[in-house]
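The values are calculated or read from the model by the stated rules, or taken from the named source; none is laboratory data. None of these values were measured; they are calculated from a predicted model. Please note: Cβ atoms are built from the backbone with ideal geometry, for glycine as well, and neighbour counts cover all protein chains shown. SASA here: full protein model, heavy atoms, side chains in, ligands and nucleic acids out. Shrake-Rupley method; radii C 1.70, N 1.55, O 1.52, S 1.80 Å.
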Amino acid sequence: MAQIFEGIRVVDLTQRMAGSLVTMILADYGADVIRLEPPGGDPMWAHPAYKVWHRGKKSVQLDWTSAEGKEQARKLIRGAHIFIESLRPGEADDLGIGYGAASAENPGLI
């Protein structure tokens, strides 16, 4: 039986609990969730609940502060239906991967 979000690709640049739970639910209902993590992985993996919050997701480690990392992030975002980020206010914009820049490259992006 098909899941409600089957065929939907989500790029997940969330931190801590709130965003992680949102993308967990999308993954639980069949979305293909690709989590962007910093080099060396997210330090929050030591938190016991993190393994639950990130179940069913794929992880990619990249340095989104470098030119190469930004391009890799933009490439993933161009192929996504949904982009969720929970960085500090304005941080994703400063990195060039905020909603304005992302939706300019992928007009159908939510």
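Observations on the structure shown:
- Inter-part distance where region 12-43 and region 87-110 are each reduced to a Cα centre, Å: 17
- Annotation for region 9-67: chymotrypsin sites (Phe, Trp or Tyr not before Pro) lying in DSSP loop with at most 13 further Cβ atoms inside 10 Å of their Cβ are Y29.
- Residue-normalised accessible area of the chain, expressed per residue, 1.4 Å probe, Å²: 56
- Sites listed here are trypsin sites (Lys or Arg not before Pro) in region 4-110 whose DSSP assignment is loop and whose Cβ has at most 13 other Cβ atoms within 10 Å: R55.
- Relative contact order, whole percent, for region 1-67 stands at 35, derived from Cα pairs under 8 Å and 6 or more residues apart.
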